[in-house]
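Reviewing the structure listed below.
Just so you know, all these numbers are worked out from the coordinates, no wet-lab data involved. Being a predicted model, the structure only gives us computed values, none of them experimental. With ideal geometry, Cβ positions are generated from the backbone for all residues, glycine too; neighbour counts draw on all protein chains shown.
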Amino acid sequence: MRRGRIRMAMPKVAVRNLQWTVAVNVVDLEKFAAKATRLCLQIHKNKSTDLTKLREVFFLFISDRRMASLHRQFLRGVGPTDVMTFQHGEIFISAQTARRHARRFGNSLARELRLYVVHGLLHLHGFDDRNESEAQKMEVTQRRILRRAGR
């Protein structure tokens, strides 16, 4: 290994569906998440991030009710949100919110869920969307990864 390069081992990816309201194709999403993780790790090759340090990343599909509880507990937010990412590799995704947003924005549910997978990974990899400039960078990167991962 050359000096100055950070070794980035590919973390194990696991997808769990913990809700029963929305049908989620766990096998397909696990394959997609693994590919998206590899693509994310190709960004910022010399930068240490939570994603570069993890051995495992868990994608947990949950209900709006559970997401609203997490949102309130950790971010003091009201109601459910789409994705919440924790630095130890837990990415919670609201399947019900994904279904609502897919209908609202004219996407398939599968595409919306994949978008949330990439969004959560990028947060683990040091991207932020709190201001307009950073949100725009994150959106461009999301689109690129979705395109390369085969939507």
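Things to note:
- Compared with the dominant Cα axis of the chain, that is its longest principal axis, helix 109-124 is turned about 40°.
- Folded to 0 to 90 degrees: helix 26-41 orientation relative to the chain principal axis, Cα: 40 degrees
- Relative exposure of 84, 67, judged by other C-beta atoms within 10 Å (fewest first): 84, 67
- Where labels lie 7 Å past Cα in the beta-carbon direction, separation of residue 133 and residue 26 in nm: 4.3 nm
- Per-residue packing, averaged as other Cβ atoms within 10 Å, sorts the ranges 92-101, 53-62, 114-123 into the order 114-123, 92-101, 53-62, beginning with the highest.
- Scaled radius of gyration (Cα, divided by 2.2 N^0.38 Å) that the chain gives: 1.02
- Positive dipole terminus of the chain, leading residue within 86, 37, 14 (C-beta point charges): 37
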